[in-house]
Structure formats: C-alpha cells, structure tokens
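S.K.: Take a look at the following structure, please.
The values are calculated or read from the model by the stated rules, or taken from the named source; none is laboratory data. Everything numeric in this text was worked out from a predicted model, so none of it was measured. For neighbour counting, all protein chains shown are included, and Cβ atoms are generated from backbone atoms with ideal geometry for every residue, glycine included. Side chains included, ligands, DNA and RNA excluded: accessible areas come from the protein's heavy atoms. Shrake-Rupley method; radii C 1.70, N 1.55, O 1.52, S 1.80 Å.
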Amino acid sequence: MLEIRNSSGLNGSLTVPGDKSISHRSVMLGAIAEGDTVVRGFLKSADCLSTIRCFRKLGVRIEEKENDSDAGGEKNEPLLVIHGAGLRGLRDPGNEILDAGNSGTTVRLLSGILAGQNFVSHITGDSSLRSRPMGRIITPLEYMGVMAASDLGNNCVPLSIFGGKPRGIHYVSRIASAQVKSCVLLAGLYADEPTFYTEPSLSRNHTELMLSAFGGNLKVRKKADEDSVTTILYPGVVLKGQNITVPGDISSAAYFLAAGLLVPGSRVTLKNVGINETRDGILRVIRAMGGDLTVSNIRIEGREPVADLTVSYSELHGTEIGGSLIPTLIDEIPVIAVMAACADGVTVIRDAAELKVKETNRLTAIAEGLSRMGIDVTETGDGMIISGGRMKGATIDPNGDHRIAMAFSIAGLVSRGTTIITDEGCVDVSYPDFYDDLDSLR
Ligand code: S3P
C-alpha cells in the first residue's frame, strides 16, 4: 500500500527504462536468428523476464553481461546476449509448460514462433492472462493450418500449439493489434508462400522494423485514402543476430509527461524516448490539449526514432480521441484520462473497446477510479466522456494492472488529500523503479 499526496513542482530530467515491446522482440528474434544478438537497454521488468524464461525453457542460451569494451555503448553497462538457435532450432520443452506470467505479448508472439517448430508446446499464464482473449491468434493460426487449442475450450490460455508447417495466407483483422499481427507474421516466417496481414489502421510496427534489421523481407502497402494497412512478409530468409539498442519506453515516459503538465511549477525532461509514429499518439494529444511540449535531439537508433521530450506545467483543455489515433496511444489511455480529468472542459475517448481486454478492463477501472476521485465520467461502449474538475484523494485498487497503478499515482499528485494505491508492487510488470524515478523529480 502506498500513500500519495499533493505535490509541489516536479523538476529535472530522467531516462526512462527500455521499451517493453522492443525488449520482448529482441529476445524472440534473437532466439530464432543465427548467431548472437546483443541488446543494450533491455527492460528488466516482470513481463520481459517472462519472455526470457520461456525461451530458456526452449533451449536458448541467454546471458546477462556487462559491457567490457568501449567499442560500442558505455563501459560496464548491462547487456543481454541471446545465442540464437536458428528458425527451427528451439528445443522441445517436453512436459514443461511455458509460463508467460502476466504478459499478453509473450503468449501471442511466442505462439507464432511455436507454430513453426516441429513439436507440441503448452503455454499458460497468471489469472489475468488466463482470462484474456486468445481466439484472436487461434483463428489465424488455424487458417495457416496450425492447430492452436485452448485447453479449457474458452479461447484463453492454457494453450497447446501443435507446431508444424504454417501456410502463407492473407489475413484481414478487424482489430489493430500488434500482438496479433506479430503472431501471424512470425508464423509466416515458416511458410513457403508470402503472408499478407491487413489491419484497420497501423498498429505498432516494431516487429516489422526489427525483422527487417535481422534480414527479413517485408513490404507495407497503404492506400492514401484509407486507414487500413497491409503488411506482406516474404519467407525463405535466414535471420542474422544483431546489435540492438532499446529506446526508452514512451508508455513509461507518459506518466512523467502527464505529471510535468499537471503539477503546477513543473518542468521535466525525459531523455532518449522512442517516438516511433505508431506509438507517439500521446504527443499529438498533449499538443491538442494545449500542453507545452518540446521534442528535441531527434535521431534514429537502429531503425527506431528517438528524442528528448520536455514538458512544463500547462493549463490543458479537453479534446476528442478516436479512430486511427487509438492504436498509437492504446497503453497511455489511463494516464491521458487523468490529464482529461484535470483539463478544462470535456474529453471524449472513442474506438477504444480494446481497453476492455487488457490486464484488467481498463475502461471500467479508469471510470471507477476517476469517479472515486470526484470526477464526472461516463463509460461508453468503446470509451468514455470525462468532464474536467478538481480531484480529491481516494483509495485505488489497481487490481494487479500496472498502468492503472501508475496513472492513478499521477492523479494522486494533483488531488486534494491522500490517495492510496493498494497494490503498488504491480508496477514491476513494466516499470520496477517507477516510484524511485518519480521521487527523483520531487
Ligand atoms: C503490444 C501491443 C499492444 C499493447 C501491449 C504491447 C506489443 O497490444 O497494448 O501493451 O508489444 O505488441 P495489442 O496488440 O493487443 O493492441
């Protein structure tokens, strides 16, 4: 249990930890590449450690090291070295069950890779993961000719993946989900024919960018007058181990961007943050709400754009968020809702039904939390309507959801009275040092 009180201005700069999505993918692609992959800035959070644990069970050697040369990066910085087993080189884990913990990314991407192995594997996860929808990967894998079965028949984990020879297909997805897209593309690596994946708007494209860096052959097709995007993966390549530098996670930076904007007297710089255009929706929303934001020092690291972000206290106003913007800020909606609660006027969030199937039902968790804090909020079928007002402290049970815990911690900084987060340890899923980093700015 953690108590948070109204804060005076936050000042200073911070380097947020490595991007979660990119960290997962570095292990996964490293595992099925030939040769070694060396990762700088890997996020050592519970979710990414679940991915490491699964690949170790599949016989992949993964070492934590310190950089002992000045040739690249900083001396003594932590490195992760993945000794690639090759596309079909994973080891049959036998009776061992692969435990993805709380991580949807682990189970969905791993399933695509397991679809191409010549053994049967079993994946499970914690109670939250066991209630999240897996029909969205079971269906395309079955179209690809791979049997993926939900052991309890409820389209959730535990899953059994009967690996074999996926077939290249054209899959048209109703949802913009990078996890589903990545599952299909990774399975497509094992096919003889190309795999086409069409999504209603572009979801995060880290798998595509990293696969290309490893030697993968992909193309993206988009008609100028439509949001939908088709990604084509051509198989028959050998992936080659790479040196990867993981940028700071914009989803983690989001909490401090919000804090800097909301707490009077603040000025905060977040260094080295990934600003891939499939992830930068929060920056667009900050501008639309009238926030004082500067993006500086823009550069490309690996294939990912990176920048320093500076925000200062601003009087925000309400905005509308929906359509193809949603996938670019899907994980930031809890903290954007907190910004909306402090803004002048009304904010409408729509097209965000996916939030119901995250680590918790985030639409309900946000709406309940904000109402407890005295804000007028109406949950709709696919979003919410928030009228900005003055927040008062409340007790928030994040129900094991890291992003709800962090978003309401920021709310606590700008509320009258005391806010209690009952289960603050759940931030370990994506940001183990969140509270230390927050303290460092106070
Ligand atoms: C992720 C994709 C998103 C996001 C999740 C990480 C990824 O999920 O919410 O935190 O790494 O591919 P969906 O693909 O289900 O939208």
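S.K.: State whether the residues of segment 162-171 include one that is assigned to a strand (DSSP E or B), more than 16 Å from the ligand (Cβ to nearest atom), closer than 18 Å to Ile113 by Cβ and open to solvent by 30 Å² or more (accessible area, probe 1.4 Å). Step through it out loud before you land on a result.
M.R.: So the first thing to find is which residues in segment 162-171 are assigned to a strand (DSSP E or B), and the list is 162, 170-171.
When the remaining residues are screened for being more than 16 Å from the ligand (Cβ to nearest atom), the result is 162, 170.
Checking which are closer than 18 Å to Ile113 by Cβ leaves us with 162.
With open to solvent by 30 Å² or more (accessible area, probe 1.4 Å) added as a condition, the list becomes 162.
Yes: one or more hits.
S.K.: Next up: So which pairs qualify, if the first residue must be in segment 355-368 and touching a residue at least 40 places away in the same chain (Cβ under 8 Å), the second must be β-branched (Val, Ile, Thr) and within 14 Å of the ligand (Cβ to nearest atom), the Cβ gap must be under 7 Å, and the two must be at least 6 apart or on different chains?
M.R.: These pairs meet every condition: Thr360/Ile404; Arg362/Ile333; Arg362/Ile404.
Matching residues to (1) open to solvent by less than 60 Å² (accessible area, probe 1.4 Å); (2) among the aliphatic types (A, V, I, L, M); (3) outside any loop (DSSP other than H, G, I, E, B):
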| position | (1), (2), (3) |
| --- | --- |
| Asn399 | no, no, no |
| Ile404 | yes, yes, yes |
| Ala407 | yes, yes, yes |
| Ala411 | yes, yes, yes |
| Thr419 | yes, no, yes |
| Gly425 | yes, no, yes |
| Asp439 | no, no, yes |
| Arg442 | no, no, no |
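S.K.: Taking segment 326-385 as the region of interest, how many residues are of a type outside the set (A, V, I, L, M), part of a strand (DSSP E or B) and open to solvent by less than 10 Å² (accessible area, probe 1.4 Å)?
M.R.: Of all residues in segment 326-385, those of a type outside the set (A, V, I, L, M) come to 327-328, 331-332, 334, 342, 344-345, 347, 350-351, 354, 356, 358-362, 364, 368-369, 371-372, 374, 376, 378-383.
Narrowing further to those that are part of a strand (DSSP E or B): 344, 347, 376, 378-380, 383.
When the remaining residues are screened for being open to solvent by less than 10 Å² (accessible area, probe 1.4 Å), the result is 347, 383.
Here the count works out to 2.
S.K.: Scanning segment 172-183 for residues that are within 14 Å of the ligand (Cβ to nearest atom) and either free of Cβ contacts under 8 Å to residues at least 60 places away in the same chain or assigned to a helix (DSSP H, G or I) (or both), which turns out surrounded by the fewest Cβ atoms within 10 Å (Cβ to Cβ)?
M.R.: Residues of segment 172-183 within 14 Å of the ligand (Cβ to nearest atom): 173-183.
Subset that is either free of Cβ contacts under 8 Å to residues at least 60 places away in the same chain or assigned to a helix (DSSP H, G or I) (or both): 173-174, 178-183.
Details: Ser173: 18, Arg174: 9, Ala178: 25, Gln179: 22, Val180: 24, Lys181: 28, Ser182: 30, Cys183: 32.
So, considering only residues that are within 14 Å of the ligand (Cβ to nearest atom) and either free of Cβ contacts under 8 Å to residues at least 60 places away in the same chain or assigned to a helix (DSSP H, G or I) (or both), the one surrounded by the fewest Cβ atoms within 10 Å (Cβ to Cβ) is Arg174.
S.K.: Please work out which residue is nearest to the ligand (Cβ to nearest atom), limiting yourself to segment 191-228 and to residues that are free of Cβ contacts under 8 Å to residues at least 40 places away in the same chain, assigned to a loop (DSSP other than H, G, I, E, B) and of a type in the set (Asp, Glu).
M.R.: Applying the filter and picking the extreme gives Glu226.
S.K.: Provide a single number: the residues in segment 103-124 that are outside any helix (DSSP H, G or I) and surrounded by fewer than 24 Cβ atoms within 10 Å (Cβ to Cβ).
M.R.: Quick first cut of segment 103-124, residues outside any helix (DSSP H, G or I) only: 103, 115-124.
Now restrict to residues that are surrounded by fewer than 24 Cβ atoms within 10 Å (Cβ to Cβ): 117-120, 122, 124.
Here the count works out to 6.
S.K.: Now for a separate question. Do we have any residue at all in segment 146-158 that's within 16 Å of the ligand (Cβ to nearest atom), outside any loop (DSSP other than H, G, I, E, B), in the same structural domain as Thr198 (by TED's automatic domain parsing) and open to solvent by less than 30 Å² (accessible area, probe 1.4 Å)? Reasoning before the result, please.
M.R.: Step one: filter segment 146-158 for residues within 16 Å of the ligand (Cβ to nearest atom), giving 155-157.
Now drop any that are not outside any loop (DSSP other than H, G, I, E, B), which leaves none.
Taking every residue of segment 146-158 in turn, none turns out to be within 16 Å of the ligand (Cβ to nearest atom), outside any loop (DSSP other than H, G, I, E, B), in the same structural domain as Thr198 (by TED's automatic domain parsing) and open to solvent by less than 30 Å² (accessible area, probe 1.4 Å).
S.K.: While we're here: Considering only segment 102-144, state which residues are within 16 Å of the ligand (Cβ to nearest atom) and of a type in the set (Ser, Thr, Tyr).
M.R.: Result: Ser103, Thr105, Thr106, Ser111, Ser128, Ser131, Thr139.
S.K.: Out of all the residues in segment 1-35, which are among the polar types (S, T, N, Q) and open to solvent by less than 20 Å² (accessible area, probe 1.4 Å)?
M.R.: If the condition is that a residue be among the polar types (S, T, N, Q) and open to solvent by less than 20 Å² (accessible area, probe 1.4 Å), then Ser7, Ser21, Ser23, Ser26 are the ones that fit.
S.K.: Within the set of pairs 6+ apart or on separate chains, which have a first residue in segment 275-300 that is more than 24 Å from Val229 (Cβ to Cβ), a second that is open to solvent by 70 Å² or more (accessible area, probe 1.4 Å), and C-beta atoms under 8 Å apart?
M.R.: Qualifying pairs under 8 Å: Met289/His317; Gly290/Glu315; Gly290/His317; Asp292/Tyr313; Leu293/Arg287.
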